[in-house]
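The values are calculated or read from the model by the stated rules, or taken from the named source; none is laboratory data. Bear in mind that the values here come from a model prediction, so they are computed numbers and not experimental data. When we count neighbours, we look across all protein chains shown, and the Cβ atoms used for this are built from the backbone with ideal geometry, even at glycine.
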Amino acid sequence: MATPKQLITQILGRLLFEDGHVTRVQTPALAYRRITLEIPAWRGKRFEPGSNFRIAQPGPELRTYTLLSLDSATGQAETLLHLHGQGPGSAWGSTVRAGDAVQVFGPEPSRRAARLAEGRVRTAVFGDETSFGIALMAQSFADSLAVFEVSDVAAAQTVLATLGLERAVLIERQRDGAHLPRTAEALRAALRQLSGMSPGLSETIELVLTGQAQSIQTVRAQLRAAGIDATQTVKPHWAVGKTGLD
């Protein structure tokens, strides 16, 4: 018997979600999936960098992903997944194949992208393998730098090259968090570099903190201790020992 959460998801799926299917699954590097979807209802929609959409995973789960591209003529769209942990998103990404049916909701424009489009915000992005789409969006609008904690530096470099994501510092993740002081220092350097670009312009520098919740908490504390007072936006994507975060 379906649980109440599953029943609600099924009802919402019929009412709000659009049907489509997977047309291509690529593996640009170990533990990454670049997935192409075809959603007929998305034909005629304009691609906006940073737009998000939700995929109904098997069972009652929903997961949010960032669009890499959207072809308005065909309704084909691309997104990037990183397989980490044992959550429903990783389980789906590990088994998805071309031809699989999907239900999606969106795409929804990014409020952050709208601010960047005004041209008065420079962005330093902190995150991990789940944050590449956000950094790519920031790069498309304004001067930006990114610092990523990653499990496999070589694999991440390969993926970033395929995305055309530039100005990114990669720091190898360590289980005990010993890499985080170095990560915070790299972010401080990024903020200093951004503040030195075209001095005199009335631009805001924003620090966007994404990825693993525990890493965000530690890095924020270290930046605060160093006297960093840049405007911050915080969006954790996942947390150790928890499921259900977008």
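If a residue has to be touching a helix residue (DSSP H, G or I) at 6+ places or on another chain (Cβ under 8 Å) and either in a strand (DSSP E or B) or at positive phi (or both) to count, how many in the range 29-75 make the cut?
Within the range 29-75, residues that are touching a helix residue (DSSP H, G or I) at 6+ places or on another chain (Cβ under 8 Å) and either in a strand (DSSP E or B) or at positive phi (or both) number 17.
Tell me which of these Ser110 doesn't satisfy, since it passes every other one: (1) at pLDDT 90 or above; (2) buried (at least 20 other Cβ atoms within 10 Å of the Cβ); (3) hydroxyl-bearing (Ser, Thr, Tyr).
(1)
Would you be able to say whether some residue in the range 192-211 is touching a helix residue (DSSP H, G or I) at 6+ places or on another chain (Cβ under 7 Å) and part of a loop (DSSP other than H, G, I, E, B)?
no
Is it the case that the range 182-194 has a residue that's surrounded by fewer than 16 Cβ atoms within 10 Å (Cβ to Cβ), modelled with pLDDT of 95 or more and in contact with a Leu (Cβ under 6 Å, 6 or more places away or on another chain)?
no
Within the range 180-198, can one find any residue that is hydroxyl-bearing (Ser, Thr, Tyr) and at positive phi?
Yes, the range 180-198 contains at least one residue that is hydroxyl-bearing (Ser, Thr, Tyr) and at positive phi.
Taking the condition of being surrounded by fewer than 20 Cβ atoms within 10 Å (Cβ to Cβ) and within 16 Å of the chain's Cα centre (by Cα), how many residues in the range 42-51 meet it?
1
Looking at Ile134, Ile216 in this structure, which one is crowded, with 18+ Cβ neighbours inside 10 Å, closer than 21 Å to Arg34 by Cβ and in contact (Cβ under 8 Å) with a residue 12 or more places away in the chain?
Going through Ile134, Ile216 in turn, just one is crowded, with 18+ Cβ neighbours inside 10 Å, closer than 21 Å to Arg34 by Cβ and in contact (Cβ under 8 Å) with a residue 12 or more places away in the chain: Ile134.
Would you point out the residue of the range 8-26, among those that are in contact with a strand residue (DSSP E or B) (Cβ under 7 Å, 6 or more places away or on another chain) and among the hydrophobic types (A, V, I, L, M, F, W, C), that is modelled with the lowest pLDDT?
Across the range 8-26, the extreme among qualifying residues is Leu16.
Looking only at the range 14-44, which residues are touching a Ser or Thr at 6+ places or on another chain (Cβ under 6 Å) and more than 26 Å from His84 (Cα to Cα)?
Selection gives Gly44 alone.
Tell me the residue from Val208, Val153 that is in contact with a Lys or Arg (Cβ under 9 Å, 6 or more places away or on another chain), in the same structural domain as Asp128 (by TED's automatic domain parsing) and at negative phi, please.
Sole residue among the options that is in contact with a Lys or Arg (Cβ under 9 Å, 6 or more places away or on another chain), in the same structural domain as Asp128 (by TED's automatic domain parsing) and at negative phi: Val208.
For the range 221-229, check the following and say yes or no: at least one residue is touching a Ser or Thr at 6+ places or on another chain (Cβ under 8 Å), at pLDDT below 95 and exposed (fewer than 13 other Cβ atoms within 10 Å of the Cβ).
No: the range 221-229 contains no residue that is touching a Ser or Thr at 6+ places or on another chain (Cβ under 8 Å), at pLDDT below 95 and exposed (fewer than 13 other Cβ atoms within 10 Å of the Cβ).
Identify the residue in the range 145-166 that is of a type outside the set (A, V, I, L, M, F, W, C) and buried (at least 17 other Cβ atoms within 10 Å of the Cβ) and, among all such residues, is nearest to Gln193 (Cα to Cα).
The residue in question is Glu149.
Thr210: modelled with pLDDT of 95 or more and among the hydroxyl-bearing types (Ser, Thr, Tyr), yes or no?
The answer is yes for Thr210.
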